[in-house]
Structure formats: C-alpha cells, structure tokens
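First comes the structure, then the notes that go with it.
All of the numbers you see were taken from the coordinates with simple rules; none came from a lab. Please read all numbers here as calculations on a predicted model, not as lab measurements. Cβ: placed from backbone, ideal geometry, glycine included. Neighbour counts: every protein chain shown.
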Amino acid sequence: MPDPIAFGNIPADSPPPEASKFAQRMARVSALSALATIFAAGAYVHESGFTVYAVLFAIPYVVFALARNSRKWQAWGWALAWLIVALVLTAALLAARSAFHNATRTDIATLIFLMALLLTQAAQLIFVRRTFSGTIAFGRPLFRCALYYICLLLVVAATLPNWYVPPAARPASAQHK
C-alpha cells in the first residue's frame, strides 16, 4: 500500500492530514500575530492617521487569514511572507543605521516592532510550507502582492507629507496661525 502522505500521492482536492491542518491553523495564527504587531506599532505612534495606513497594510493578511485552504492560499501566504520579509529587512536596516547614529526611544521601538514582524513572517513561512507538499507556485501571487504594496507605498508617499506634522513642529506652526 502506498504511503498516503508521500509527495504526489495526495490529490489536490483531498482534505489534508491532521499535521497539515495544524500547520494551516498556525499559519493563520502567524498572520494574526503579524496583524497584532502592525496595529501595536500603529498604536505606539500615537497618531490616529497612521491607523489608516496600518489597515491598508493589513488587508492582505486579513484576506490570507480568512481565505479557504488551497494551493492558492498557500501560494498567497508564501508570497506575502517573502515580500514582507524583504520590506521589513530593508526598513530594519534603515532603522538600525539611524539608531547607531543617534539612538532614540522611537528608533529602538521601531526596531523591536520590525523584528517582531519579521518573526511572525518566519513562522508564517514555516507553517505555510508545511501545509501541502510539493512546489509552491507563488510567482503570480508574489507579483500581485508586490504590486499592492508598491501602490500602497506610493499612496503613503503622496499623502503622508500632507497631513503629518511632527510633534516637535506643532507648537511652532500653531503660533503662526
């Protein structure tokens, strides 16, 4: 009798074994942990306007956490995690460079939130990979995810300077009115 869990012996439509179901649940927990980290960072900033950006940043995680289990779900989770790892590493390097020159509480908090997000993405990668055997065709989801976040970064770059006034500049701008 062939091993039902061996590579290629499980039909795509068959329900996954218990270990795979556990991995799916843990991948969703990892996505929810990423959401919690994103909103905790937004709350730490004490700027209500950043909540809009946090919600926009979190939409793919909500879609991933609520989606049905399938190969597309696996590809989306894999692509989302790899893209966020790349973004977080870039942001962490910039924050670390800033912290080495002039360490402030905000720089250290930023690094902590970025490392927490990086850990959630590492867990998501591990558990998404364990859900189904075989290769993960994540090219198209990776492109869509990258396109979404590039558009989001463009929106942030276009709108952030219009409404965000650093707290140190607020008293000076209030006096000129």
Query raised in the report: In nm, to one decimal, how far is the residue 29 label point from the residue 66 one, both placed 7 Å along Cα→Cβ?
Result: 2.2 nm
Requested in this report: Please work out, to two decimal places, the log10 of the ratio I(q)/I(0) at q = 0.11 Å⁻¹ from a Debye calculation in which every Cα of segment 19-155 carries one identical scatterer.
Outcome: -0.40
Query - Dipole magnitude (debye, nearest 20) for segment 19-155, charges at Cβ of Lys, Arg, Asp, Glu - result: 700 debye
Query raised in the report: What residue among 56, 134, 80 has its Cα farthest toward the positive end of the dipole of segment 19-155, where the charges are +1 on Lys, Arg and -1 on Asp, Glu, each on the Cβ?
Result: 134
Query raised in the report: For the charge dipole of segment 19-155, defined by +1 on Lys and Arg C-beta atoms and -1 on Asp and Glu C-beta atoms about the Cα centroid, which residue among 65, 93, 40 has the Cα displaced farthest towards the positive pole?
Result: 65
Query raised in the report: Using a Förster distance of 30 Å, how high is the FRET efficiency between residue 143 and residue 90, based on the Cβ-Cβ distance and rounded to 0.05?
Result: 0.95
